[in-house]
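We did not get these values from a lab; they are worked out from the coordinates using the rules stated. Computed from a predicted structure; not experimentally measured. Every residue, glycine among them, receives a Cβ derived from its backbone with ideal geometry; neighbour counts consider all protein chains shown.
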Amino acid sequence: MSSIAVKELYKTYTGAEEPTLKGLTFSFRKGSIAGLLGPNGAGKTTTISILCGLVKASSGEVLINGLSQDAAHREAIKQQIGVVPQRIALYPQLSAVENLTYFGNLYGYRGKGLKARIMELLEAFGLEKSADKEIHKFSGGMKRRANIIAAILHQPSLLVLDEPTAGVDVQSRSMILQFLREYNSQGNSILYTSHLLEEAQSLCSDVAIVDQGRLIVQGNPDQLIHDLPDCENLEDVFLHYTGHALRD
Ligand SMILES: Nc1ncnc2c1ncn2[C@@H]1O[C@H](COP(=O)(O)OP(=O)(O)OP(=O)(O)O)[C@@H](O)[C@H]1O
């Protein structure tokens, strides 16, 4: 079964002249680490926002673990999916523990069990010494790691991350990537976006390259590289399919 299936997805934002998504179709198998790749403005964040139920598609279908992303399945999907947005979604004036307790409560977790899970995850992400520090005192990498913890308190079987390694230092990035591999090895599916193609090549079992709201190509990174005789890595493949023209 697919963890994610997107079929003929269209999205036109209110007031926009052109659709952002133009019949986007792809699917990722359960248990994969999938990369949604594409140039600036390709529609990656829009797609992720629709997948997570934050933005409504103009038309098309989205299935999460076989459930259609609609009002009838919203609660079931909420339990199965964890979302790490591009922008830090934490309260700056609250400490890490206060933030994470708030997010745990949203999923119905309380008391000692929640506290233990928060402390376990803070330690796993190297943040245990900063448990009671306010988020606005965190570095960029610390904020990003805390943002990930907020999304996995309820142990979602599908974790969706929008550029989780953008703008963080090498140490934080290495820790985040190690975490993603471990979380996946526990049987969970991962979908992430990135502009770092070397990273995506080594992390992902499957990638979908999108451009201008459409799927350009999908497959295993090594296979995609192998299929094109002039390409040595995923960046070559990406440029082969999306070209060299700037998007701004
Ligand atoms: N809320 C919005 N209202 C109107 N247009 C939007 C909105 N959000 C995104 N867009 C437009 O949709 C297009 C795709 O944006 P989106 O953020 O989905 O792309 P992306 O692939 O994630 O890009 P990037 O790599 O730059 O993050 C862009 O042209 C953007 O201006």
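In bins 10 Å wide, starting from 0, what share of all Cα pairs of region 195-248 does each bin hold, as a percent?
24, 59, 16, 0
Compare the peptides 108-120, 50-62 by average per-residue count of other Cβ atoms within 10 angstrom and give them in order, highest first.
With the highest mean Cβ count within 10 Å placed first, the list reads 50-62, 108-120.
Using a Gaussian network model of the chain with C-alpha springs under 10 Å, which one of Gln69, Gln201, Gln93 is most mobile by mean-square fluctuation?
Gln93
In the chain, what % of DSSP beta bridges are antiparallel (nearest 5)?
That works out to approximately 55 percent antiparallel.
With each pseudo-label sitting 7 Å past Cα toward Cβ, what's the Arg214-His240 distance in nm, one decimal?
1.9
Using every alpha carbon pair in the chain, what percent of pairs falls into each 10 Å bin from 0 up to the bin containing the largest distance?
Histogramming the chain at 10 Å steps yields 7, 30, 35, 21, 6, 0 percent.
Which lysines have a Cα less than 25 Å from the Cα of Lys78, not counting those fewer than 8 places away in the same chain?
List returned: Lys7, Lys11, Lys30, Lys44, Lys56, Lys112, Lys115, Lys143.
Provide Rg and Dmax in Å for region 20-148, with only Cα atoms included in the calculation.
17.0, 48
Fully extended, how many nm does the chain gain between Glu232 and Gln186 (0.36 nm per residue separation, minus their Cα-Cα distance)?
Difference between extended and current length: 13.4 nm.
Report the full-extension gain for the segment Lys133 to Gln171: residue separation times 0.36 nm, less the Cα-Cα distance, to one decimal in nm.
11.6 nm
Residues with beta-carbon under 9 Å from that of Gln86, excluding Gln86: net charge, scoring Lys, Arg +1 and Asp, Glu -1?
Local net charge: -1.
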